[in-house]
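Where a number appears in this text, it was derived from the coordinates with a stated rule and is not lab data. The structure displayed is predicted, hence computed values, not measured ones. Methodologically, a virtual Cβ is constructed for each residue, glycine included, from the backbone with ideal geometry; neighbour enumeration extends over all protein chains shown.
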């Protein structure tokens with residue numbers, strides 16, 4: 001499942017981060033690596049970006065970036 | 001060179017001259033220590049505690065962009081402490097990361113490779129903070145971990161086994177409370193020890209990813225993204241193991257608080273309402289709170305002027321001091337209270353963590369215009385001053401996005417425009433209200449700020465579709481936990497800004513004031529108003545008419561007057577006369593100079609009895625040769641519109657040149673902004689006249 005399909009308030013485990021570009025690298029550096037648990041906290045007023053929680057902190061990203069993240073419950 | 005000898009001898013008192021010379025010959029003599037850490041990890045507070053040097057602390061990722069350096073003294077030992085920018089990683093994708101990489105590999109001029117690195121690790125966010133530590137260790141420089149925010153971790157009931165952490169990472173780990181100077185002595189001891197012993201621990205995650213390139217330039221050799229990603233994965237696997245063995249999370253109250261605050265502050269609807277409310281409140285408060293101290297300052301400068309008038313013999317010197325220096329410099333210093341308040345609010349918004357939320361709320365909107373959410377902080381800072389704002393754009397990774405942000409940053413109404421807006425509003429729109437309770441002044445002020453913002457958005461939209469076309473930039477940003485701002489830091493920051501403003505008033509504005517006064521005082525004109533015989537005016541009336549005539553003739557024939565007359569045809573369509581022309585020319589050096597210039601122009605040659613007139617009344621009293629008023633509310637509005645859009649700041653021009661490294665872009669900015677300002681002012685004045693104002 002793609003992270004953007006995970007409902008707000010739900011937690012899931014990251015399976016892979018797709019793509020070989022600067023965005024995927026940045027996401028991984030921020031701790032979004034396979035095996036980590038992420039929770040979707042909310043979406044911003046205009047529907048984008050989204051806020052997720054992982055490793056005890058909050059991270060904001062656009063939906064276009066979150067699409068690279070595959071999760072499973 | 002000579003000055004550096006003097007400085008060194010001051011620092012090491014007993015040393016003789018000969019040892020100082022040898023110290024200069026061998027630069028390797030001093031220990032260099034780098035300070036690295038994630039944004040918001042408390043790095044700046046620690047830097048201040050170690051060096052005593054003051055600098056900005058903020059709660060927004062990436063504010064500390066400049067490389068700061070201080071002298072760290074610990075007992076007998078001294079080190080150069082290099083404050084690296086706040087970083088999440090060292091992969092050389094942003095300017096900050098590049099700077100840090102260069103420091104750590106010894107590529108910076110006049111700076112040897114550091115002997116040790118202090119890695120600042122936020123105890124409430126150990127996992128992500130340790131990522132940078134693993135990268136630092138790969139540079140083969142001894143690392144000492146300073147664990148900050150331990151009190152906050154305690155409040156969250158996070159139990160951290162520092163001994164175990166130190167054992168697993170094989171580096172010293174010291175818990176510090178920089179604010180209370182706790183742990184500093186131990187940190188010093190361990191760091192200086194590490195710098196001398198130079199022992200490097202094994203890096204277990206490296207063997208997990210052995211396919212990597214050469215050792216010494218490990219991060220640059222990772223051109224293959226897949227390899228880089230596997231490397232990141234390997235580091236985090238190691239960190240997860242360390243984390244599980246050292247940290248026992250019991251509950252997460254503090255984050256609970258931040259999350260609760262965010263249910264309101266980043267709420268889909270209320271979040272935006274509150275954002276607008278916060279901005280409105282800030283501006284309203286700046287005006288109402290600053291009113292009293294400003295009128296006190298005004299009275300003070302008036303009294304000072306009176307004092308010099310009474311003490312000094314009448315003549316050039318007395319005129320220079322009162323009409324030139326006090327009128328010019330005092331006219332600008334009066335706005336100090338407003339500037340203090342503006343910086344106070346910006347500091348608080350940054351340090352609490354609210355700025356990041358604003359970027360989160362507005363990113364979608366901003367990306368529609370081709371701007372990055374990260375551009376919010378530089379643009380918001382530009383409301384105080386475009387210079388720190390433009391410097392803060394360094395956190396934007398894509399060069400085109402960065403350039404677009406730089407080119408529109410000066411449209412944000414900076415604190416130097418505030419004196420101009422305030423003077424115009426106080427003179428022409430004071431006491432009037434809209435809907436019975438909102439002051440017209442506040443509405444106009446908001447309108448001016450909005451005009452700048454809207455123009456910036458339109459320009460960004462056009463630039464991003466034409467000259468600076470590029471795919472939408474990524475937005476991956478931490479939302480740091482809300483924290484109470486450290487009041488000492490906030491006030492330090494505020495007073496540092498205020499001091500810079502005062503210094504500017506004492507140098508640039510003083511110089512411009514003296515030049516302008518000279519230009520308007522010379523050449524001296526002696527004319528006598530011809531009074532036809534049989535005129536039945538009283539003696540006083542004749543005397544006053546003569547003084548007025550002498551004054552206006554003096555200014556008209558002065559060098560400044562001639563200059564004003566030359567540009568008058570160009571500014572006449574904007575409703576400006578040659579006196580305003582003089583003020584406009586001088587304000588191209590710095591915007592707030594307009595106020596001092598007007599003070600000088602309307603004070604030159606004035607009778608001592610009229611000295612009590614404030615600038616506001618002088619402006620209202622100014623008459624054209626036909627007897628009609630020079631200034632109408634429409635003129636004031638036009639002038640304000642011109643000031644919103646024109647590029648009138650030498651310091652900004654200089655910083656844009658430095659940051660873009662291009663005269664072409666710098667001149668492009670000056671050109672298009674000034675053209676836009678003229679056009680908008682023209683529309684305002686001519687449109688206003690058509691509407692009957």
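Per residue of A:16-28, what is the mean number of Cβ atoms on other protein chains within 10 angstrom of that residue's Cβ? List each step's numbers first, then the result.
On the way: counts 1, 3, 0, 2, 6, 2, 8, 4, 5, 9, 10, 4, 10.
Counting other chains' Cβ atoms within 10 Å and averaging over A:16-28 gives 5.
Roughly how many nanometres apart are two label points built 7 Å out from the Cα toward the Cβ at residue B:270 and residue B:170?
5.2 nm
What distance in nm lies between label points placed 7 Å from Cα along the C-beta direction at residue B:495 and residue B:686?
5.3 nm
Under 18 Å from the 7 Å Cα→Cβ point of residue B:102, by amide nitrogen: which residues of region B:648-677?
Backbone N within reach: B:655-662.
Once R0 is set to 30 Å, what does the formula 1/(1 + (r/R0)^6) return for the Cβ-Cβ distance between residue B:263 and residue A:72, expressed as a FRET efficiency to the nearest 0.05?
For R0 = 30 Å, the calculated efficiency reads 0.60.
Taking only the C-alpha atoms, wrap a convex hull around region A:3-72 and report its volume per residue in Å³ as a whole number.
That works out to 74 Å³ per residue.
When ranked by the protection proxy of mean other Cβ atoms within 10 Å per residue, highest first, what sequence do the peptides B:620-628, B:123-131 form? Could you put the intermediate results ahead of the total?
On the way: B:620-628: 10.3, B:123-131: 23.7.
Output ranking for B:620-628, B:123-131: B:123-131, B:620-628.
Hey, rough spin-label estimate for residue B:281 and residue B:435, points 7 angstrom out along Cα→Cβ, what's it come to in nanometres?
1.8 nm
Rounded to the nearest 0.05, what FRET efficiency do residue B:303 and residue B:511 have when you use their Cβ-Cβ distance and R0 = 30 Å?
The calculated FRET efficiency here is 0.75.
Quickly rank A:7-18, B:369-380 as a protection proxy: mean count of other C-beta atoms within 10 Å, highest first.
Packing proxy ranking, top to bottom: B:369-380, A:7-18.
Once the piece of chain linking residue B:140 and residue B:310 is laid out straight, how much longer is it, given 0.36 nm per residue of separation minus the C-alpha distance between them?
Residue separation times 0.36 nm, minus the Cα-Cα distance, leaves 54.1 nm.
Residue separation times 0.36 nm, minus the C-alpha to C-alpha distance between residue B:672 and residue B:539: what's the value?
That works out to 42.4 nm of additional length.
Calculate the mean, over all residues of peptide B:364-377, of how many other protein chain Cβ atoms lie within 10 angstrom of the residue's Cβ. Could you put the intermediate results ahead of the total?
Working: counts 9, 4, 0, 5, 1, 0, 0, 0, 0, 4, 0, 0, 0, 0.
Counting Cβ atoms of other protein chains within 10 Å of each residue's Cβ and averaging gives 2.
If you take each beta carbon of peptide A:42-54 and count the beta carbons of other chains within 10 angstrom, what is the mean?
Counting other chains' Cβ atoms within 10 Å and averaging over A:42-54 gives 6.
Using alpha-carbon pairs under 8 Å, 6+ residues apart, how would you state the relative contact order of chain A in percent?
Relative contact order for chain A comes out at 43 percent.
Between rounded, prolate and oblate, where does the protein assembly as shown land on the alpha carbon gyration tensor, with a ≥ b ≥ c its root eigenvalues, rounded for a/c under 1.5, else prolate if a/b exceeds b/c?
It is prolate, given that a/c is not under 1.5 and a/b is the larger ratio.
Quick check: residue separation of residue B:525 and residue B:503 times 0.36 nm, minus the Cα distance between them. What number comes out in nm?
4.4 nm
Place the peptides B:661-669, B:167-175 in order of packing, highest mean first, counting for every residue the other Cβ atoms within 10 Å and averaging per peptide. Could the numbers behind the result be given before it?
Working: B:661-669: 14.3, B:167-175: 19.4.
Highest to lowest by the protection proxy: B:167-175, B:661-669.
FRET efficiency for residue B:112 and residue B:185, Cβ-Cβ distance as r, R0 = 30 Å, nearest 0.05?
0.70
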